[in-house]
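Down below is the structure, laid out as C-alpha cells.
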Amino acid sequence: MAKQKQVIAHRGASSYLPEHTLEAYALAYGQGADMIEPDLVLTRDGIPICLHDLWLETTTDVAQKFPGRARSDGHFYAIDFSLEEIKRLRAWGRAKPEQQASIPPCEVPTLEEMIRLIQHLNRQLNRSVGIVPEMKAPSFHRRAGKPMEEPILKVLDEAGYRGREAMALVQCFEEDALARLRALGCDLPLVFLSANPLTPSDLDRIAKTANGVGSNRRLIEDDTGRAVNNASLVRECHRRGLAVYPWTFKAEEAVMHRFFHRYGVDGLFTDNPDLGVRARNRRR
Ligand code: G3P
Ligand code: CA
C-alpha cells in the first residue's frame, strides 16, 4: 500500500451526487480521492452490486417500479431482484422526495462496472486510485444461501487485485467474514470495521487477520472535539501494525485536518473528498 495518508471517498463523492453511482465515483476521482468505496450486496443472481443498504427503496425508485415486491417487513431486498431488474431502477441516493426530480439519471452499478471506471481513469490519467470494497452483512447473505465472499473475491481477482500491495482494501464489520476471505486465499489488505470500543486483546486478535481498523471517528474524538483517551486507539493499532481509517466526515475540513495531522490516522472516509484532500495536504 502507498504510504501517503489516504483520502477515501465514502460511497463516492456522496455529498454532491447520489451515493454509489458511477457519477459519484467519477467525481470523487476528479476531486483527488486516493481510494473510492463501494459498499457491496448481492443480487438474486449472485452478482455484487454497489449499494449500502440490504434493500433498494431508500436509494432508488424500486417501490414505484416494482410495487408488491416488498417482503412483509416492508423492505425491497436487493437479494430478491435480478441484476436485469435492478438495472431498470433509478438511483437517487438519499435525496428528499422534492429533490429527486432534479437528480440526473443514474443507475445502480455492479462492482465490475465500478472497477472498470476506476481502472479506465487510472490508465487515462496515469494515476493509481484504489478501491475499498465493503462486504455488507455477509452473515445475512450466508443465511439466505448466497455467501458473498467468493463472488466478490472472484471479481477482484479477475480485475487484477492481488497481494498486499494491491490498491484494494477489503473491509467488513464481521470479523469471521474477513477470516473466511483469508481461508479462501485472499492476500489483499483487510480492514475490520468497528463502531464499538476495541480492547487491547481485541486488537491483538484482529491483527492476526486484518491489516487495518476502520473505526467510528468517535472512538478517537468525541463530538465536542476532544480526543478520546488521548487518541490511544491510533497508537494501539499502530503498535500492532494495524492502519487506522476512521469514518465518516462531511464538510469538516478542520476536523479532518486534526485527524490526519494531530491523531496521525492513515486515512479517513469522507463524503467530501475535495475537502479531505485539502485537509490532508495542508501541513499547518
Ligand atoms: O465502511 C466505512 C463506513 O462506510 C462504515 O459505515 O454504514 O457508511 O458503510 P457505512
Ligand atoms: Ca461502508
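A short reminder: the numbers here are calculations on the coordinates, not readings from a lab. What you see is a predicted model; the values in this text were computed from it and never measured. Methodologically, a virtual Cβ is constructed for each residue, glycine included, from the backbone with ideal geometry; neighbour enumeration extends over all protein chains shown.
List of remarks:
- Beta bridges from DSSP with both residues in the chain: antiparallel share about 25 percent, rounded to the nearest 5.
- Length released on extending from residue 16 to residue 45, taking residue separation times 0.36 nm less the Cα-Cα span: 7.3 nm
- Inter-site label distance for residue 208 and residue 223 at 7 Å from Cα along Cβ, in nm: 3.7 nm
- Chain lengthening between residue 261 and residue 230 when straightened (0.36 nm per residue, less Cα-Cα): 9.8 nm
- 5 angstrom amide H check on residue 91, placed H, neighbours 5+ away: 106, 107, 108
- The calculated FRET efficiency for the pair residue 98 and residue 65, based on their C-beta separation and a Förster distance of 22 Å, comes to about 0.65.
- Amide H contacts for residue 6 (H built 1.01 Å from N in the peptide plane; partners 5 or more residues away or on another chain; cut-off under 5 Å): 267, 268.
- Computed log10 I(q)/I(0) for segment 1-141 at 0.09, 0.11, 0.22 Å⁻¹: -0.27, -0.40, -1.36, from the Debye equation with unit scatterers placed on every C-alpha and solvent omitted.
- Here is the list for segment 15-111: trypsin sites (Lys or Arg not before Pro) lying in DSSP coil, each with at most 13 other C-beta atoms within 10 angstrom of its C-beta, are 71, 94.
- Put a dot 7 Å past the Cα of residue 82, heading toward its Cβ, do the same for residue 140, and the two dots end up 2.3 nm apart.
- For the chain, size of Cβ-based charge dipole, Lys and Arg +1, Asp and Glu -1, in debye: 860 debye
- GNM on the chain, alpha-carbon springs under 10 angstrom: the most fluctuating residue among 180, 162, 143 is 143.
- Shown for the chain is the translational diffusion coefficient from the Stokes-Einstein equation, using the Kirkwood radius over Cα pairs, a temperature of 20 °C and a viscosity of 1.002 mPa s: 112 µm²/s.
- Computed from label points 7 Å out along Cα-Cβ, the spacing between residue 58 and residue 124 is 3.1 nm.
- A simple rule links phi to the HN-Hα coupling: the Karplus curve 6.51 cos²θ - 1.76 cosθ + 1.60 with θ = phi - 60°, which for segment 173-186 gives 7, 9, 4, 5, 5, 5, 5, 5, 4, 4, 5, 7, x, 5 Hz, with x for Gly and Pro.
- Proximal charge balance of residue 92 [Cβ under 10 Å; K/R count +1, D/E count -1]: +1
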